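Structure incoming, see below.
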Amino acid sequence: MKNALKILAAVFVLAGTQSALAAPLEFTANLSGPNESPANASPGIGLADVFYDPNFHTLQVHVSFSGLLGTTTASHIHCCTAAPFVSTSGIATVTPNFTGFPLGVTSGTYDSPVFDLTTMAGFNGAFITANGGTPASAEAALLAGLMGNKSYLNIHSTVVPGGEIRGFLVFVPEPVTLSLFGAGLVGAAAMRRRKKKIA
């Protein structure tokens, strides 16, 4: 029975993974000064949501932030650090900042255009060069960094030019994935109870 439960759980995890890859993937980050490297004492905070669509090979970015010590000078996604959640890396997305990101402010919100990752314009040229030389190879590297917790969104300012607030992007499981997995566990438990009653 234990093997049957393991197989059933694996089937639901696989089904959930395939479902997640068929839909846009969401990554989120809490931005702060202590999350920078080196850490700083900025009172600034922010929240970032990044959506990657594996079907259309696009990226969209939503950011809200407030309380910065300086005014914004740039913002982008960096990838990929050598280890999850630590250190720094080069800029992966368009430079010097996301298209239309609010500059010269201490607080604001940002909803990006759709970035096309099938073109050179979707990335920092240096990131493409360092990761296989094509937009496709750069996209694969960025996705690996996102899934591996090795990518972070950074907001730079006049007071902290190297980055006043940042946060590592973390995958948000799709609700459908979680519900499928939950249904699998409930079904497995029901099968187990039924077998006990029969015995």
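Which residues, taken from the stretch 98-111, are touching a His at 6+ places or on another chain (Cβ under 9 Å), touching a residue at least 40 places away in the same chain (Cβ under 8 Å) and surrounded by 15 or more Cβ atoms within 10 Å (Cβ to Cβ)? Give the steps one after another, and end with the answer.
The first filter runs over the stretch 98-111 and keeps only residues touching a His at 6+ places or on another chain (Cβ under 9 Å), leaving 98, 101, 109-111.
Narrowing further to those that are touching a residue at least 40 places away in the same chain (Cβ under 8 Å): 109-111.
Selection gives Tyr110 alone.
With more than 18 Å from Gln60 (Cα to Cα) and touching a strand residue (DSSP E or B) at 6+ places or on another chain (Cβ under 9 Å) as the only criterion, which of Thr106, Thr129 stands out? Even if it seems obvious, please write down each step before you answer.
Values: Thr129 fails: touching a strand residue (DSSP E or B) at 6+ places or on another chain (Cβ under 9 Å).
Result of the check over Thr106, Thr129: Thr106.
Let me ask you something else. Would you mind stating whether Ser137 is modelled with pLDDT of 95 or more and small (Gly, Ala, Ser)?
Against the criterion (modelled with pLDDT of 95 or more and small (Gly, Ala, Ser)), Ser137 qualifies.
Do you know which residues across the stretch 74-85 are crowded, with 18+ Cβ neighbours inside 10 Å and under 20 Å from Gly100 (Cβ atoms)? Give the steps one after another, and end with the answer.
Start the filter on the stretch 74-85 by keeping residues that are crowded, with 18+ Cβ neighbours inside 10 Å, which leaves 75-81.
Scanning the stretch 74-85 gives Ser75, His76, Ile77, His78.
The rows are residues; the columns are (1) in a loop (DSSP other than H, G, I, E, B); (2) over 20 Å from Ala126 (Cβ atoms).
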position	(1), (2)
Ser42	yes, yes
Asp49	no, yes
Phe65	no, yes
Ala74	no, no
Ile77	no, no
Ala83	yes, yes
Ser89	yes, no
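Right, next: Being part of a helix (DSSP H, G or I) and within 27 Å of Gly108 (Cβ to Cβ) is the filter here; which residues of the stretch 136-157 pass it? So that I can check it myself, show each step before the final result.
Taking the stretch 136-157 and keeping what is part of a helix (DSSP H, G or I), we get 136-147.
Scanning the stretch 136-157 gives Leu142, Gly145, Leu146.
Could you please find all residues in the stretch 112-135 being more than 24 Å from Val86 (Cα to Cα), without any contact (Cβ under 8 Å) to a residue 60 or more places away in the chain and part of a helix (DSSP H, G or I)?
If the condition is that a residue be more than 24 Å from Val86 (Cα to Cα), without any contact (Cβ under 8 Å) to a residue 60 or more places away in the chain and part of a helix (DSSP H, G or I), then Met120, Ala121, Pro135 are the ones that fit.
The values are calculated or read from the model by the stated rules, or taken from the named source; none is laboratory data. Every value quoted in this text rests on a predicted model; they were computed, and no experiment measured them. For neighbour counting, all protein chains shown are included, and Cβ atoms are generated from backbone atoms with ideal geometry for every residue, glycine included.
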